[in-house]
Amino acid sequence: MNQFKTIPAATGRMLIEGQLSESLGGKWITCISPSTGADIGKVPDGTTGDVERAVSAAQSAQTNWAALSVAQRAHYLLKLADALAASTDELLAIEVASTGNSITGMKGDISSCIERLRYFAGLGYELQGNTIPESSNKLNLTLREPYGVVGRIVAFNHPLAMAVHGIASPLVAGNTVILKPSEQCPLSATLLGEIASKVLPAGVLSIVTGGAEVGNAIVRHPQVKRLSFVGSVRTGLAIQRAAAEVAVKSISLELGGKNPFIVFPDAPIEQVAKAAVLGMNFIWQGQSCSSTSRLFVHDSIYDEVVQHVTEHVRAIRIGDPFEDDTQMGAIVSQAHLASIENYVRIGQDEGARLVAGGKRPTGTGFEKGNWFEPTVFSEVRQDMRVAREEIFGPILSILRWSDTDEVIDMANSVEYGLTAAVWTSDITKAITTAKRLQSGYIWINGVNTHVRSVPFGGYKNSGTGRERGIEELYSYTEEKSIQITL
Ligand code: NAD
């Protein structure tokens, strides 16, 4: 008998024209809990017509929204933050049940939503232009203006956080937003819609649920000039292609990662082992773009690090995501679980050594749902698929190195370039290595921590554009130059 907790089934609705709405097509998407396999609700399966309605409402609302003062728009964001804070328990329950992620981690997601709204509300006054003197009778100045309607399409792993993080800055900059959550975990976005419908003016935020068809309709809509996307490289490329068939659009892409963690021989072994496990984000079952899933350990300390890492990974408490002491929950879907299992087979066939996990756990509670043990491969080579492809699951690959140039070449040899970690007590070596790594966000003697105002984004196929901080806010504006002859 299944003993893991779940929630009563909920019916979510879209937010269009300020109203909670069903799909024009009348169809629904069923939401299944990854941890119990239970039906936890349904959301409308949106259509192109629903996107049309949402864009039309967003466009009508945008002029009045942009005409408000920064303080007025910021006030709305603060009200939304307060309303989310008041609904924390409900949001948390939906988020844990629909993602399978452990409650400890998801508490951080909810508080980061509230904080992000408050942060960008406060940053609104920084939307300033420049004055540029040129000659005694000419003055140049710049203004930052909103694009108009922004389309935001997000991935499944942090459904609410990615939704809210992506609406705060465009809204304070005077845009209106159409949000599309992932069809895999859409329930929390519909609750966000319900809350926002009581706080924001009609049309300022629209939420259209559905799959790729809805995303594609947002991307191709001629009135949506600015797009921001979080998801896979494959979809990111499809979005760039589709948008280019319609118009010139401004697109930011936060895509996948296969991130290196490089350990030099002088690094403290026990701290490295703990950081390597933390960097894998087992708390989200490894389903994180910034997971440092390639651990490069110097030959001289390799065996010792593997042993420590393996011990820590075997000690991870996997189980009911609703329990506070759970350190790892369930994989988002059966299809994704099958893909992760397949990577274990691939790794073994390629000659990597399985030193932890590699299978579904057994015991009470694990009979249903999508469960997989935290997994470690040692003796991985950089030419293996488990070292080159984003698995987006709880599989850590440990590689061996002995030459600094060679390890940097290996680290840079994949299509991705999102995060990286470098561990050494030699600061010159650390900074020289960080400068040579083709990654957008690098930790030296650390891992996994994110700071609100520090830009985050990828090199190479991990994306384009930077989120968080003032650069993100600017990215939702177009800069207009005005030259005044005196
Ligand atoms: P995905 O690309 O399959 O889907 C993401 C979103 O795109 C979903 O809402 C989906 O419905 C939509 N979509 C699918 N096809 C579309 C199309 N043709 N046009 C428009 N929209 C379309 O990604 P996923 O499986 O949900 O998420 C996992 C991926 O996201 C991983 O690669 C992960 O690394 C990445 N990710 C990146 C970051 C980051 O900040 N860089 C953060 C989280 C996840």
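The values are calculated or read from the model by the stated rules, or taken from the named source; none is laboratory data. Keep in mind that what you see is a predicted model, and the values were worked out from it rather than measured. No Cβ is skipped: glycine too gets one built from the backbone with ideal geometry, and neighbour counts run over all protein chains shown. Just so you know, the surface numbers come from the protein's heavy atoms only, side chains and all, with ligands and any DNA or RNA stripped out. Shrake-Rupley method; radii C 1.70, N 1.55, O 1.52, S 1.80 Å.
Considering only the stretch 278-304, state which residues are open to solvent by less than 20 Å² (accessible area, probe 1.4 Å), closer than 17 Å to residue 443 by Cβ and either assigned to a strand (DSSP E or B) or away from the ligand (no atom under 16 Å from the Cβ) (or both). Once the filter is applied, which keeps residues that are open to solvent by less than 20 Å² (accessible area, probe 1.4 Å), closer than 17 Å to residue 443 by Cβ and either assigned to a strand (DSSP E or B) or away from the ligand (no atom under 16 Å from the Cβ) (or both), the stretch 278-304 yields 294, 295, 296, 297. Look at the stretch 16-37: where a residue is free of Cβ contacts under 8 Å to residues at least 60 places away in the same chain and a partner is in a loop (DSSP other than H, G, I, E, B) and not charged (D, E, K, R), sitting 6+ places away or on another chain with Cβ atoms under 7 Å, you get 24/47; 25/47. Looking only at the stretch 7-31, which residues are surrounded by fewer than 18 Cβ atoms within 10 Å (Cβ to Cβ) and aliphatic (A, V, I, L, M)? Result: 9, 20, 24. Residue 35 passes every criterion in (1) open to solvent by 50 Å² or more (accessible area, probe 1.4 Å); (2) of a type in the set (S, T, N, Q); (3) modelled with pLDDT of 95 or more; (4) over 17 Å from residue 181 (Cα atoms) apart from (1).
Can you give me the ranges of the strands (runs of 3 or more DSSP E) entirely in the stretch 374-486 with at least 2 residues that are farther than 30 Å from residue 145 by Cβ?
It comes to 375-380, 395-401, 419-423, 441-444.
Among what's in the stretch 305-339 and is assigned to a loop (DSSP other than H, G, I, E, B) and of a type in the set (Gly, Ala, Ser), pick the residue that is farthest from the ligand (Cβ to nearest atom). Give the derivation first.
Residues of the stretch 305-339 assigned to a loop (DSSP other than H, G, I, E, B): 315-317, 319-327, 329-333.
With of a type in the set (Gly, Ala, Ser) added as a condition, the list becomes 315, 319, 329-330, 333.
Details: 315: 26, 319: 24, 329: 16, 330: 16, 333: 9 Å.
In this case the residue turns out to be 315.
Being in contact with a Ser or Thr (Cβ under 8 Å, 6 or more places away or on another chain) and over 17 Å from residue 29 (Cα atoms): is that true of residue 230 here? Considered against the rule, which asks whether it is in contact with a Ser or Thr (Cβ under 8 Å, 6 or more places away or on another chain) and over 17 Å from residue 29 (Cα atoms), residue 230 comes out as no.
Sub-8 Å Cβ pairs linking a first residue in the stretch 174-202 that is basic (Lys, Arg) to a second residue that is away from the ligand (no atom under 15 Å from the Cβ), at least 6 apart or interchain, are 198/83, ordered by first then second residue.
If I filter the stretch 130-137 for residues that are under 30 Å from residue 482 (Cα atoms), of a type in the set (Gly, Ala, Ser) and at pLDDT below 95, do I get at least one hit? Checked against the condition, which is being under 30 Å from residue 482 (Cα atoms), of a type in the set (Gly, Ala, Ser) and at pLDDT below 95, the stretch 130-137 yields at least one hit. Of all the criteria given as (1) touching a residue at least 24 places away in the same chain (Cβ under 8 Å); (2) assigned to a loop (DSSP other than H, G, I, E, B); (3) open to solvent by 20 Å² or more (accessible area, probe 1.4 Å), the one not satisfied by residue 128 is (1).
Only one of the numbered conditions (1) within 22 Å of the chain's Cα centre (by Cα); (2) assigned to a helix (DSSP H, G or I) is violated by residue 101, and that is (2). Residues that are farther than 22 Å from residue 118 by Cα, of a type outside the set (A, V, I, L, M, F, W, C) and over 14 Å from the mean Cα position of the chain (by Cα) within the stretch 446-463 comprise 446, 459, 460, 461, listed in sequence order.
Put simply, of 446, 457, 440, 465 the only residue that is free of Cβ contacts under 8 Å to residues at least 60 places away in the same chain and of a type outside the set (Ser, Thr, Tyr) is 440.
Going by the structure shown, is residue 154 surrounded by fewer than 23 Cβ atoms within 10 Å (Cβ to Cβ), of a type outside the set (Phe, Trp, Tyr) and either touching a strand residue (DSSP E or B) at 6+ places or on another chain (Cβ under 9 Å) or farther than 25 Å from residue 453 by Cα (or both)? Steps first, please.
Values: surrounded by fewer than 23 Cβ atoms within 10 Å (Cβ to Cβ): no; of a type outside the set (Phe, Trp, Tyr): yes; either touching a strand residue (DSSP E or B) at 6+ places or on another chain (Cβ under 9 Å) or farther than 25 Å from residue 453 by Cα (or both): yes.
For residue 154, the condition - surrounded by fewer than 23 Cβ atoms within 10 Å (Cβ to Cβ), of a type outside the set (Phe, Trp, Tyr) and either touching a strand residue (DSSP E or B) at 6+ places or on another chain (Cβ under 9 Å) or farther than 25 Å from residue 453 by Cα (or both) - is not met.
Taking the stretch 445-454, which residues are within 17 Å of residue 162 (Cβ to Cβ) and surrounded by 15 or more Cβ atoms within 10 Å (Cβ to Cβ)? Listed by number, the list is empty, since nothing qualifies.
In the stretch 216-228, how many are within 7 Å of the ligand (Cβ to nearest atom) and either at pLDDT below 95 or open to solvent by 10 Å² or more (accessible area, probe 1.4 Å) (or both)? Total satisfying the criteria: 1.
Conditions (1) aromatic (Phe, Trp, Tyr); (2) without any contact (Cβ under 8 Å) to a residue 24 or more places away in the chain; (3) open to solvent by 30 Å² or more (accessible area, probe 1.4 Å); (4) assigned to a loop (DSSP other than H, G, I, E, B), marked per residue:
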{"site": "5", "(1), (2), (3), (4)": "no, no, yes, yes"}
{"site": "46", "(1), (2), (3), (4)": "no, no, no, yes"}
{"site": "53", "(1), (2), (3), (4)": "no, no, yes, no"}
{"site": "78", "(1), (2), (3), (4)": "no, no, yes, no"}
